[in-house]
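Below is one structure; the comments refer to it alone.
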Amino acid sequence: MELLAPAKVNLFLEIIGKRADGYHEIDTILQTINLYDKISISNRDQEIVFKCNWLRPEDIVPDEEDNIAYRAAILLKEQLNEKKGAKIVIKKNIPVGAGLGGGSSDAVCVIRGLLKLWHRKIERKDLEKLTLKLGVDVPFFLHQGCCFAKGIGEKLTLVRTSWSKKPLCLVLVNPGFPVPTKMAYRLLPDRFTDRHVIDKIKSPLTETVLKSIAFNRFEEVVFRHYPGLKEIKQSLIKVGAELALMSGSGSTIFGIFNTEKDAMSAYREIKRMIPEEYKIILSETI
């Protein structure tokens, strides 16, 4: 069985506060894009056999116990009391530690694949609880498309958009190094905003509204530690992006362009402007 696990970008991300348990309350807009990890799942007698092949030697992808997709398989097998096993092979195309949700998407894809392989079913509410155990951004990939996310990221609302039929064209630039999420949260100031931008957005979400609200709170702290990321953002604007943002807590910066032709032109220009080891990806919303 061959499956595709899509990446995501954050079109808006604001930190609302910090809870007593240490988690941060956020408001964010999540959108899946057509950049995929490829996952192969096949039968195995009893055990879960897991392998992850990464795109570049510098991408350090955790194997087995530290890999969220492997943990998803083990958790599902235990919850279902499933006797059968499976062989799972992931070919990474989504950069690691890049703010694109690759690991979380892989986890959901593995769960869906195993349910199909084992001919098992699970209630939607139980599936959501299971994915939340794996990470706060994992449940989003059960929905995909465009979602508002609140709370610690688990309160999800599907959103109609003006680009559902004519996808947004993106150019993503990944510098080849991760920004540790825990570090990014640690760098945040203790003061938080009380503005709830996404509560005021009317459906459908349009490109005009998106341009007016596009924002990522992490940029102000991450750019101070990684000034090269700010330069990438400025370069994307320079080559014609309607807007440019960091996704998640980094390290990927993406630009949105009016047309596929504009995005292709920007892709070529950016390639000449930035270091050779940076990864540039053409993509679109799905």
Do any residues in segment 192-218 that are within 20 Å of residue 248 (Cβ to Cβ) and assigned by TED's automatic domain parsing to the domain that holds residue 181 have Cβ atoms under 6 Å from those of residues that are at pLDDT 90 or above and in a loop (DSSP other than H, G, I, E, B), where the two are at least six apart or on different chains, and which pairs are they? 205/159; 218/249
Is it true that residue 18 is at pLDDT below 95, over 30 Å from residue 282 (Cβ atoms), surrounded by fewer than 19 Cβ atoms within 10 Å (Cβ to Cβ) and basic (Lys, Arg)? yes
Selection count, segment 1-39, where residues are closer than 19 Å to residue 69 by Cα and part of a strand (DSSP E or B): 13
Subset tally (residues that are surrounded by fewer than 24 Cβ atoms within 10 Å (Cβ to Cβ) and in contact with a Ser or Thr (Cβ under 7 Å, 6 or more places away or on another chain)) for segment 73-96: 2
Take the conditions without any contact (Cβ under 8 Å) to a residue 24 or more places away in the chain, closer than 24 Å to residue 162 by Cβ and of a type in the set (Gly, Ala, Ser) and apply them to residue 244. Does it pass? yes
Considering only residues that are in a loop (DSSP other than H, G, I, E, B) and under 17 Å from residue 29 (Cα atoms), look in segment 156-193 and name the one that is modelled with the lowest pLDDT. 193
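The values are calculated or read from the model by the stated rules, or taken from the named source; none is laboratory data. Just so we're clear, the structure is a prediction, and the values are computed from it rather than from any experiment. Don't worry about glycine lacking a Cβ; one is built from the backbone with ideal geometry, like all the others, and counts go over all protein chains shown.
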